[in-house]
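Engineer: I have a structure I would like to understand better, so I am pasting it below and will then ask my questions one at a time.
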Amino acid sequence: MITDEQLDLYRVESTFLRVIRDVNPTNDVRGIVVAWDDDSVLIRKKNRRVVKLSRHYVYQLYSEERPPEYMLPQEPVEPDGVSDDTE
């Protein structure tokens, strides 16, 4: 869980964050910390909408790489020799 000190630093510096909610990167929330309480954090997105998120999610700088443990597994796709491009 993210600490009050970290949240305050991010709010004061208007740091653009990534909130990782699950392993799918499209579900990440990107924005700036606006406020927080004991259970939740308010994040203002670029489109100015405010989202209330749990403090138990992973909060990291947007400029940093997404950690591999929070990525979808990348399985190599091998060609099967059959093509759908018959012309």
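Engineer: State which residue pairs qualify: first residue under 13 Å from ASN24 (Cα atoms) and inside the range 50-74, second residue in a loop (DSSP other than H, G, I, E, B) in any location, beta carbons under 6 Å apart, and separation of 6 or more residues or different chains.
Structural biologist: TYR70/VAL23; LEU72/VAL23
Engineer: Give the range 7-24 a look and list any residue that's closer than 22 Å to PRO67 by Cα and surrounded by 13 or more Cβ atoms within 10 Å (Cβ to Cβ), or say none.
Structural biologist: LEU7, TYR10, THR15, PHE16, LEU17, ARG18, VAL19, ILE20, ARG21
Engineer: Can you name every residue in the range 41-57 that is touching a Lys or Arg at 6+ places or on another chain (Cβ under 9 Å) and either farther than 17 Å from ASP4 by Cβ or loosely packed, with under 11 Cβ neighbours inside 10 Å (or both)? Outline the logic, then answer.
Structural biologist: Looking only at the range 41-57, we keep the residues that are touching a Lys or Arg at 6+ places or on another chain (Cβ under 9 Å), and these are 41-43, 45-46, 50-51, 53-54, 57.
The answer is LYS45, LYS46, VAL50, VAL51.
A short reminder: the numbers here are calculations on the coordinates, not readings from a lab. Keep in mind that this is a model prediction, so the values were computed, not measured. All Cβ positions, glycine included, derive from the backbone under ideal geometry; neighbour counts span all protein chains shown.
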